[in-house]
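Read through the structure below, which is laid out as structure tokens, and then see the notes.
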Amino acid sequence: MKQRLLFLGPPGAGKGTQAQRLAESQGLLHLSTGDLLRAEVAAGSALGKEAEAVMARGELVSDALVLAIVRSRLEQQAAAGGGGWLLDGFPRNVAQADALAELLEELGQQIELVVLMELDDAVLVQRLLSRGRADDNEAVIRHRLEVYRQQTEPLIAYYRERNLLAPVEAAGTVEEIGARITALLA
Ligand code: AP5
């Protein structure tokens, strides 16, 4: 079973929902850069203060900041004996993807699959409006989608060229989508 995975897809596609479910059932480390950043904001740390306004606008926080977070977690896990992981919301642009490749080379690890969750914009927007997180108002959602198209979508070609991309239809129930993802990991 593949156990070093990336979850890619637009805001609201269900990356976090599916990543958490899979990480729990398979005993994988779930690293969501969004969740880790929101925890820093809630704790009022220096890092959180730097990220808060950027996140509220729906833009990307600096590559250096998110890379430092991911590096420390993956190094900790490797030092504790390794294991599977699932990165959700990272990488978010080509520079982050290149930095992740370097980090994994240092750790002697490889990405085994990139799950691309695909869903119509109308459904994404509806899901996010019903959730109502601090950055889930219509104007910021539209901006997050634009940022996704400009900065994150190039990663689809990036990982397709590396034969790692596995697209998944992200419409349906949480269980249906989970079964589609599990089928890809055999
Ligand atoms: P992040 O937290 O990564 O947010 P996002 O990509 O916008 O993703 P969402 O959490 O909105 O959506 P999701 O696909 O995870 O869907 P979810 O499962 O939650 O990033 C937030 C911000 O942090 C960014 O804007 C940026 O500022 C910063 N950031 C994060 N990572 C960064 C990075 N690497 N570099 C720079 N900046 C970074 O589901 C959404 C909703 O739909 C939920 O309410 C859920 O219950 C519901 N739902 C899920 N599945 C279904 C289903 N099948 N049917 C019906 N409802 C469903």
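Things to note:
- Of all residues in region 43-64, those satisfying the criterion of being touching a residue at least 24 places away in the same chain (Cβ under 8 Å) and assigned to a helix (DSSP H, G or I) are M55, A56, R57, D63.
- Residue within region 154-172 that is within 12 Å of the ligand (Cβ to nearest atom), open to solvent by less than 70 Å² (accessible area, probe 1.4 Å) and within 22 Å of L29 (Cβ to Cβ) present: yes
- Set side by side, the residues A78, A139 differ, and just one is aliphatic (A, V, I, L, M), within 21 Å of E24 (Cα to Cα) and in a helix (DSSP H, G or I), which is A78.
- Extreme residue, surrounded by the fewest Cβ atoms within 10 Å (Cβ to Cβ), among residues of region 22-59 that are of a type in the set (S, T, Y) and within 7 Å of the ligand (Cβ to nearest atom): S32
- R4 meets each of the listed conditions (1) near the ligand (Cβ under 6 Å from one of its atoms); (2) in contact with an Asp or Glu (Cβ under 6 Å, 6 or more places away or on another chain) apart from (1).
- Single match in A183, A97, A179 (criterion: at pLDDT 95 or above, touching a Pro at 6+ places or on another chain (Cβ under 9 Å) and small (G, A, S)): A97
- Of all the residues in region 115-130, those that are part of a loop (DSSP other than H, G, I, E, B) and within 9 Å of the ligand (Cβ to nearest atom) number 1.
- Contact annotation: residue pairs with Cβ atoms under 6 Å, 6 or more positions apart or on different chains, pairing a residue in region 116-143 that is without any contact (Cβ under 8 Å) to a residue 12 or more places away in the chain with a partner that is in a helix (DSSP H, G or I), are D136/L128.
- Filtered by the rule that a residue be open to solvent by 30 Å² or more (accessible area, probe 1.4 Å) and of a type in the set (D, E, K, R), region 60-97 gives D63, R71, R73, E75, R92.
- Residue within region 129-150 that is touching a strand residue (DSSP E or B) at 6+ places or on another chain (Cβ under 8 Å), closer than 27 Å to V41 by Cβ and either open to solvent by 70 Å² or more (accessible area, probe 1.4 Å) or modelled with pLDDT of 95 or more (or both) present: no
- Against the numbered list (1) near the ligand (Cβ under 8 Å from one of its atoms); (2) within 15 Å of the chain's Cα centre (by Cα); (3) of a type in the set (K, R), R133 comes up short only at (2).
- Of the residues examined, A19 is one that is part of a helix (DSSP H, G or I), open to solvent by less than 30 Å² (accessible area, probe 1.4 Å) and within 20 Å of Y158 (Cβ to Cβ).
- Any hit, region 73-92, residues being within 14 Å of the ligand (Cβ to nearest atom) and over 23 Å from A166 (Cβ atoms): yes
The values are calculated or read from the model by the stated rules, or taken from the named source; none is laboratory data. This is a predicted model, so every value here is computed, not measured. Every residue, glycine among them, receives a Cβ derived from its backbone with ideal geometry; neighbour counts consider all protein chains shown. Please note that ligands, DNA and RNA were not included when accessible areas were found on the heavy atoms of the full protein model with its side chains. Shrake-Rupley method; radii C 1.70, N 1.55, O 1.52, S 1.80 Å.
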